[in-house]
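This report concerns only the one structure given below.
The values are calculated or read from the model by the stated rules, or taken from the named source; none is laboratory data. Everything numeric in this text was worked out from a predicted model, so none of it was measured. FYI the Cβ positions are ideal-geometry reconstructions off the backbone, even for glycines, and counts take in every protein chain you see. These area figures cover heavy atoms from the full protein model, side chains too; ligands, DNA and RNA do not enter into them. Shrake-Rupley method; radii C 1.70, N 1.55, O 1.52, S 1.80 Å.
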Protein chains: 2
Amino acid sequence: MQRTTVALDLLGGDEAPASVIAGARLALAADPDLAVTLVGPPELAEDLPVVVARQVVGMDEDPARGVRSKRDATVRIAARLVRDGAADAMVSVGSTGAALAAAVFSLGRVPGVTRPALAVIVPAPGGPLVLSDIGASSDAGADQLVQVALAAAAYATVALGIDQPRVGLLTIGEEPGKGDQLRRDAWPLLAALDLGLGGPLRFVGSVEGRDVPLGGTADVVVTDGFTGNVLLKGLEGAVRAVAQVLVTELSATAETRAAAKVLLPSFAEVSRRWGPEGAGGAILLGVPGVVVVGHGSSSPAAVAACLHQAAEAHRAGLVGRTTQALGLLVARRREQAGLQGSPS
Amino acid sequence: MQRTTVALDLLGGDEAPASVIAGARLALAADPDLAVTLVGPPELAEDLPVVVARQVVGMDEDPARGVRSKRDATVRIAARLVRDGAADAMVSVGSTGAALAAAVFSLGRVPGVTRPALAVIVPAPGGPLVLSDIGASSDAGADQLVQVALAAAAYATVALGIDQPRVGLLTIGEEPGKGDQLRRDAWPLLAALDLGLGGPLRFVGSVEGRDVPLGGTADVVVTDGFTGNVLLKGLEGAVRAVAQVLVTELSATAETRAAAKVLLPSFAEVSRRWGPEGAGGAILLGVPGVVVVGHGSSSPAAVAACLHQAAEAHRAGLVGRTTQALGLLVARRREQAGLQGSPS
């Protein structure tokens, strides 16, 4: 198999560069077909291959402005490596906004996409699912939700290995008339795509907030970036909250403390599954390249998970599948424009 | 102390009337100053006081239409008892929409309120907080979020016993410019209320999804009904998902199974705190009466918790405090109308 090369932002993340380098070593040890190109100051790269970049777009900086003004920013150089074919994918555990801005700036968008979306895999007990958008854009319109649905369905075929993923629209209440205006507008568009064009989208109607952590009702959950971000952060917080309450309860007596000791590995396993280490990072959908962004607090294991996720998405042909899925939308628009242009 | 009378919908809930009657008995046994008036078919009421109502607005029915067409619906009669002073509060564990529609239909709205909001108390480990709106209305405008903030702050003074609750706006990212258009519009209005009028509102800026389950950053979290509903159902699902994963992990070996047995009461305690039994139901804010709506799946203990919550809200003067808080908004609007009417 040909090696997959991932460009890795050496300066992103709370513990950079140490955690980034340690993560790269972990990933390289686990995957003989992986190559990592660090992007950052060469004097920090130890013995790993490096492409020079000396600027960083900080977490507290305006991402678009930072990327535009810093020609030598790590994320901008990394995205350029992907654009030029010198890397197959890029990973950053720095500012999500900066990675996103750099990707769109250097790579552009897949035809049919007006704004890219971020997706994560939620390791729900009823079955893992793709949740998107989790914050790439706010104030989405119904047409954007259709783009998110197609791109996220393409990602589900790649990441979950499901040929015809079930796509659900995140809303409140189960009937088509329920939810807010955006959901009422998006519903018939999604239902029409399903019926009219075939392709990778199998629309199963609405799902509710509980379906995301529990799983089982859809393989892809489509929402706007505002709602998706609030929900995802809420779920992460809920898992931590339960852990905090359990720890308090478990310290109550000597008997429970002893039992807790036996179960600590199980709790650790639950946290791992739900935390960034298990699930990898967020992947950017709708750009012609593989871009993964991890938590700023990523440990070496979490950095390695992001590298693995990026390499696998490249190997499974994410960009081709996304382009194909969005092509349905482009074809449909052309068809409608044609029909409207020449009424019989 | 004068007795507090709560009108209780005898036909609402998956297990009605058995769970409703059992819940009433539990609550009456625990609170000697409580009286319960059942609202429903007298032949089902056993030996408890009852006001006759024979129709029910079902979970799958259009709530507003159901309430309008069914003059003899339990929720409509219950709301009328509150309006006429025959009851101090009402509780239903049936259709939330029906209880809401009946309350607005019979009681009207507190001055300054265009649409009432639903609020719950989230038992976060960092400190309990009020989350509102959790689904009374979709497609809120910025002005409605201000109403939610004032009414929910009034509820926090009553339910959490905090004189000057910290009010946070649920959004993504921490800066005033972050979030979607609705949040960007609401931010300056909330900040201005805080500075300009004093009163019960202490605006602490933005909070994120994780702050709701973890607590500690705000006593009141303000959001639109769509986002609030998705988040709340997500949190409930996450707690169940963690429990499911833990149960699987805990069955792995004889040692972990033995430890799990010791800890089962602790898990039950966590579930109780997070479930409907511990936290009561959702309370309707912005109507001139106390209205509590519980989960359709409420157990007798959960029904009793709703009765307790409703009685306490009445005793603490919820309606008066809400009216006072919203009065700030009414006064401000009048002031602005006056200023605009007569420019100097």
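Just a few scattered comments:
- Restricting attention to the range A:244-293, the residues that are surrounded by 19 or more Cβ atoms within 10 Å (Cβ to Cβ), more than 14 Å from chain B (Cβ to nearest Cβ) and at pLDDT 75 or above total 12.
- Test for A:T37: is it in contact with a Gly (Cβ under 7 Å, 6 or more places away or on another chain), β-branched (V, I, T), touching a residue at least 24 places away in the same chain (Cβ under 8 Å) and within 27 Å of A:G320 (Cα to Cα): no
- For the range B:188-196, the condition of being closer than 24 Å to B:H308 by Cα and surrounded by fewer than 24 Cβ atoms within 10 Å (Cβ to Cβ) holds for none of the residues.
Condition check ((1) assigned to a helix (DSSP H, G or I); (2) in contact with a helix residue (DSSP H, G or I) (Cβ under 6 Å, 6 or more places away or on another chain)) across all residues:
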residue	(1), (2)
A:A7	no, yes
A:A24	yes, no
A:E61	no, no
A:R80	yes, yes
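- Yes/no for A:V167 being of a type in the set (V, I, T), more than 7 Å from chain B (Cβ to nearest Cβ), in contact with a Phe, Trp or Tyr (Cβ under 6 Å, 6 or more places away or on another chain) and open to solvent by less than 30 Å² (accessible area, probe 1.4 Å): yes
- B:D211 being among the acidic types (D, E) and open to solvent by 40 Å² or more (accessible area, probe 1.4 Å): no
- Positions within the range B:318-334 being closer than 18 Å to B:V290 by Cβ and open to solvent by less than 30 Å² (accessible area, probe 1.4 Å), in sequence order: B:L318, B:T322, B:A325, B:L326
- Within the range A:150-164, restricting attention to residues that are touching an Asp or Glu at 6+ places or on another chain (Cβ under 9 Å) and among the small types (G, A, S), the residue that is surrounded by the fewest Cβ atoms within 10 Å (Cβ to Cβ) is A:A159.
- Number of positions in the range A:95-120 that are away from chain B (no Cβ under 14 Å), assigned to a loop (DSSP other than H, G, I, E, B) and not charged (D, E, K, R): 7
- Selection from the range B:121-148 of residues that are out of contact with any helix residue (DSSP H, G or I) (no Cβ under 6 Å at 6 or more places or on another chain) and more than 13 Å from chain A (Cβ to nearest Cβ): B:D143, B:Q147, B:V148
- Filtered residue count, the range B:26-49, keeping only those that are in a helix (DSSP H, G or I) and open to solvent by 30 Å² or more (accessible area, probe 1.4 Å): 7
- Residue in the range A:136-149 that is part of a helix (DSSP H, G or I), open to solvent by 10 Å² or more (accessible area, probe 1.4 Å) and farther than 28 Å from B:A238 by Cα present: yes
- Of the numbered criteria (1) under 21 Å from B:Q309 (Cα atoms); (2) surrounded by fewer than 20 Cβ atoms within 10 Å (Cβ to Cβ), the one B:A64 fails is (1).
- From the list B:G85, B:G108, the lone residue that is open to solvent by 40 Å² or more (accessible area, probe 1.4 Å), at positive phi and at pLDDT 95 or above is B:G85.
- Candidate set from the range B:67-76 (those that are open to solvent by less than 10 Å² (accessible area, probe 1.4 Å) and outside any strand (DSSP E or B)); member that is farthest from B:T5 (Cα to Cα): B:V67
- Residue match in the range A:191-209 (condition: modelled with pLDDT of 95 or more and of a type outside the set (D, E, K, R)): yes
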